[in-house]
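Notes follow once the structure below has been shown.
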Amino acid sequence: MPRFAVENLNIKGMVKNRKLSRAISDCGWGMFITTLRYKCEWNGKNLLTIDRFAPSSKTCSSCGLKQEKMPLKVREWQCECGAVHDRDHNAAIMIKQFALADALGHSTCVKSSPVAIPISVGATAKEVVSVPSGSQEAPTRATTVV
């Protein structure tokens, strides 16, 4: 049963960056998350959201070590464990891991939803609806959680 996991970011704050504002506004992140949320509700699927402060692109998906500083210009990096990561691909893997851990209650990061939603390992989308409502924040990366 597919679930979808997204990272909730502050788009209004990101648009204040004069160098990136046009690119961020043109790509339609807000409409994407609105459509994804609607389609998930319509089809009885889960949309899991992780907090914007979760270190998804700076955490190694192999060993879990978090890099303290990593400028945005770094697109590929090597962890101390020897794993070489593409920043975006690694972030997609970590968003999946953070979202599942958060949904199952095993997360150490800040919960993205103010309401705790209990999910069992064998739960189906029809049993649990974990689509947060209200915020028009949009993801930078989305991944299908299997």
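When I24, I95, I33 are checked against the criterion of being assigned to a helix (DSSP H, G or I), touching a helix residue (DSSP H, G or I) at 6+ places or on another chain (Cβ under 7 Å) and surrounded by 12 or more Cβ atoms within 10 Å (Cβ to Cβ), I24 stands alone in meeting it.
For I119, the conditions (1) modelled with pLDDT of 90 or more; (2) in contact with a helix residue (DSSP H, G or I) (Cβ under 8 Å, 6 or more places away or on another chain); (3) surrounded by 11 or more Cβ atoms within 10 Å (Cβ to Cβ) are fulfilled apart from (1). For M94, the requirement of being of a type in the set (A, V, I, L, M, F, W, C) and at pLDDT 90 or above is met.
Would you pick out the residues in the range 47-88 that are of a type in the set (A, V, I, L, M, F, W, C) and surrounded by fewer than 16 Cβ atoms within 10 Å (Cβ to Cβ)? Once the filter is applied, which keeps residues that are of a type in the set (A, V, I, L, M, F, W, C) and surrounded by fewer than 16 Cβ atoms within 10 Å (Cβ to Cβ), the range 47-88 yields F53, C63, L65, M70, L72, V74, C81, A83, V84.
The values are calculated or read from the model by the stated rules, or taken from the named source; none is laboratory data. Given the structure is predicted, the values throughout are model-derived calculations rather than measurements. Ideal geometry is used to build each Cβ from the backbone, glycine not excepted, and the neighbour counts take in all protein chains shown.
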